[in-house]
Structure formats: structure tokens, C-alpha cells
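This report concerns only the one structure given below.
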Amino acid sequence: MSSKPGEQMPSSKDAKPLPAHVAIIMDGNGRWARKRLLSRVRGHERGTETVRTIVKASREIGIRYLTLYAFSTENWQRPKAEVTALMALLKNFLKSEKQEMIDQNIRLNTIGDTRKLPDGVRKILDQTLTATAGNTGLTLTLALSYGGRTELVNMVQEIAGAVSRGETDVNAISESLIAAALDTRGIPDPDIMIRTSGEMRISNFLLWQLAYTELFFTDTLWPDFSRGEFEQILQAYQNRDRRYGKVSER
Ligand code: FPP
């Protein structure tokens with residue numbers, strides 16, 4: 001990119017709204033490493049640097065919610081050494097970013113079954129969640145041991161339980177009741193979902209929440225994903241016509 005970060009984002013009062021919520025499937029760390037004859041873990045290390053870049057960019061641009069697919073329920077099936085390395089990277093990321101999040105008014109949030117994470121990760125995660133709980137700037141949600149179908153199963157169990165105990169009437173089950181029983185309760189649905197590395201799949205990410213989300217796929221591998229490309233996607237979003245099944249107002 002020839003321009004400086006931030007320069008491309010429209011700042012005039014006529015600018016169309018920024019997305020409130022950006023969700024990202026960070027894919028391609030392994031391929032980035034393989035292309036360089038490096039270990040997959042080196043790819044994840046470089047991917048962590050991109051996480052820092054995109055969190056900072058989101059905060060500076062004024063995105064309200066950023067959700068990153070950091071570890072899926074399926075990722076537990078990767079080789080043990082890779083899982084261990086990913087957990088260590090996550091722990092180091094939280095350790096190094098905790099103070100930054102406090103200082104920069106970032107609220108950390110998680111979706112997924114974080115009880116499955118190793119104790120050391122849980123500890124720093126819980127500390128950071130508590131320390132940033134009152135922050136009002138960017139909400140950074142890390143999807144950790146997250147799977148969309150598991151989230152839906154949990155939601156059905158919660159609502160069915162309430163019905164069977166007589167606390168909820170079947171006819172009271174609504175979209176808003178369902179949304180309130182998902183891990184993302186309180187967070188608006190994503191306006192944009194970006195997937196890097198050329199794969200065109202949703203891969204069990206935010207299955208309910210992506211219903212009307214604008215999808216962006218880029219061939220760029222996650223470690224190479226830059227602030228410039230992120231800003232280009234935000235601009236492209238601003239030029240899309242979101243109709244939600246209705247007729248265009250244009
Ligand atoms: C996909 O690349 C990436 C992951 C499964 C993990 C994402 C993790 C990070 C970016 C680093 C740690 C996260 C945080 C929040 C500090 P892949 O390994 O599937 O790549 P491939 O498809 O090319 O093999």
C-alpha cells in the first residue's frame with residue numbers, strides 16, 4: 001500500500017457508516033510457514049503479529065466489535081505439539097497485551113468453551129477479562145474452543161430446559177430469545193466477515209449470527225494480511241448495498 005495507515009478511511013461527514021462489528025477467520029498461518037520451509041508454529045507466531053496489527057487498527061479506526069476465530073472446537077484434533085504451541089502463543093499474547101488493553105479501553109470477551117483451555121491460559125484470560133470488563137472502547141472477542149454448532153446445541157438445551165421447567169412458554173421462543181442464549185449475547189451480529197487464505201467456507205463460525213453479514217474472502221494468508229488491506233475491505237463494505245431481503249433504497 002502506498003498510503004499511510006488511516007489515510008484511506010473516509011473521514012467526511014458524508015461517509016457511509018463503518019461496520020460496527022467485524023469478524024475474522026484468520027486462516028493460512030500453516031501455508032505461510034510452508035512456503036518459507038518454516039514450522040507451522042512460526043506461521044502462528046507471525047499470525048499473532050497480525051492479530052496485534054488488526055486490533056490496533058480496529059481501535060484507531062473506531063470499530064466497536066472485533067471477533068477473531070482463534071481456536072475452533074475442531075482445532076483440538078491438530079497434532080499435540082501444535083495445540084501446545086498455540087496455547088503458549090495465546091498465553092503470551094494475553095500476558096503482553098493485558099496492560100495495553102487496559103490502557104487502550106479495550107474490553108476483552110470470549111466465546112466458546114474456555115473451560116477446556118489449559119489452566120495457565122485460563123488464569124491470564126480470567127485476569128484480563130476481569131481487568132478490562134469495565135472498558136467501553138473496542139470489544140475484542142476471541143473465539144476459543146468455539147464451534148457454531150456446539151453453540152446452537154447449548155442454546156437449544158438452555159431454552160428447552162427453561163420450557164420444561166415452565167419458565168418459558170414455547171410460543172415465547174423468538175429470534176431475540178435465541179440470540180440471548182448464544183455466546184454472543186449482547187453483541188450485535190457481524191456486519192463484515194473476512195476470511196483470509198482463499199478458502200471460501202464458514203467453517204462452523206457464528207452460524208446464526210452471520211445470517212445477513214457481508215462476506216469478504218481474500219487470497220492473502222493471515223500473516224501477510226495488512227492494515228492497508230483491512231482498510232480496503234472496510235471501504236468496499238461501505239460501497240455495498242445491504243438490503244436484508246428488501247428492495248434497495250438507492
Ligand atoms: C489458521 O491457520 C489459524 C489458526 C487455526 C489459529 C489462529 C491463531 C493465531 C492467528 C495465533 C494465535 C491467536 C491469538 C489471538 C493470539 P492454519 O494453521 O489452519 O493455516 P493453514 O490452513 O495454512 O494450514
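Counting every Cα pair in region 71-123, what percent are over 19 Å apart? When every Cα pair of region 71-123 is considered, 32 percent fall beyond 19 Å. Hey, which of these cross-link pairs are over 20 Å Cα-Cα: Lys91/Lys123; Lys56/Lys95; Lys56/Lys116; Lys95/Lys123; Lys16/Lys56? As for pairs spanning more than 20 Å Cα to Cα, those are Lys56/Lys116; Lys16/Lys56. The Rg/Rh ratio for the chain, using Cα coordinates for both the radius of gyration and the Kirkwood hydrodynamic radius, is 0.97.
Projected onto planes of every orientation and averaged, the convex hull of the alpha-carbon atoms in region 21-94 covers 5.3 nm².
Computed over the chain with a Gaussian network model linking Cα atoms closer than 10 Å, the most mobile of Gly161, Gly148, Gly112 is Gly161. For the chain, a Gaussian network of Cα nodes joined below 10 Å ranks Asp27, Asp119, Asp224 by mean-square fluctuation, and the top entry is Asp119. The spread of Cα positions in region 197-240, taken along each principal axis and listed from longest to shortest, comes to 30, 24, 13 Å. Between Ile124, Ile111, Ile159, the residue with the greatest mean-square fluctuation in the GNM of the chain (Cα pairs under 10 Å linked by springs) is Ile159. Calculate log10 I(q)/I(0) of region 123-250 for q = 0.09 Å⁻¹, where I(q) comes from the Debye formula with a single equal point scatterer on each Cα and nothing for solvent. Values returned for q = 0.09 Å⁻¹ are -0.38. Applying both filters, DSSP loop and at most 14 other Cβ atoms within 10 Å, to the chymotrypsin sites (Phe, Trp or Tyr not before Pro) of region 147-250 gives Tyr212, Tyr244. Enter the Cα centre distance for the pair region 172-250 and region 118-137, rounded to the nearest angstrom. Region 172-250 and region 118-137 have Cα centres spaced 25 Å from each other.
We did not get these values from a lab; they are worked out from the coordinates using the rules stated. Predicted model only: the values in this text are computed from it and were never measured. So basically every Cβ, Gly included, is an ideal-geometry build from the backbone, and we count neighbours across all protein chains shown.
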